[in-house]
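The values are calculated or read from the model by the stated rules, or taken from the named source; none is laboratory data. Computed from a prediction, not measured in an experiment: that's the story for all the values here. Neighbour counts are summed over all protein chains in view; Cβ atoms, including those assigned to glycine, are modelled from backbone coordinates with ideal geometry.
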């Protein structure tokens, strides 16, 4: 199987939460690398822009009429996206460091991981293979 075919198969088999976690991981890793290498110029802007686009996508999705997240959570995500955009500009200008952006992304990843764990536990409780009762 080619690498591209593997990637497509991997993405198709992911849940939305797994995809979000994976993308947050990639973006956060880019921010950490930019911070640790003291990136400047185009390299710094590339990492910041990728993060900003991720948050912009989340914000746009939260504003769609069919979004099924609770209204309060959608408002919080949109608010965070606006903050990320403003704060990223401060980082790009050298007025702030990247740590707060990394912290926010890491917190979101922790929440997604906890949600995934709860979902797996719920699925196991529904699956007769994991049931303690015997016929």
Next item on the list: Being more than 19 Å from the chain's Cα centre (by Cα) and not in a loop (DSSP other than H, G, I, E, B) is the filter here, so list the residues in segment 32-43 that pass it.
Entry: 36, 41, 42, 43
Notebook entry, point to check: Give me the pairs: first residue in segment 33-62 and on the phi > 0 side of the Ramachandran plot, second residue outside any loop (DSSP other than H, G, I, E, B) and surrounded by 16 or more Cβ atoms within 10 Å (Cβ to Cβ), beta-carbon distance under 9 Å, and six or more apart or on different chains, which are they?
Noted result: 38/44
Next item on the list: Might you check whether a residue that is in contact with a helix residue (DSSP H, G or I) (Cβ under 9 Å, 6 or more places away or on another chain), surrounded by 11 or more Cβ atoms within 10 Å (Cβ to Cβ) and in a helix (DSSP H, G or I) occurs anywhere in segment 63-73?
Entry: yes
Check: What about residue 30, is it at pLDDT below 90 and either out of contact with any strand residue (DSSP E or B) (no Cβ under 6 Å at 6 or more places or on another chain) or within 23 Å of residue 110 (Cα to Cα) (or both)?
Finding: no
Item checked: Qualifying residues in segment 74-95 (those that are surrounded by fewer than 16 Cβ atoms within 10 Å (Cβ to Cβ) and over 17 Å from the mean Cα position of the chain (by Cα)) - the one nearest to residue 38 (Cα to Cα) -> 94
Item checked: Test result for residue 54, under 13 Å from residue 31 (Cβ atoms) and part of a helix (DSSP H, G or I) -> yes
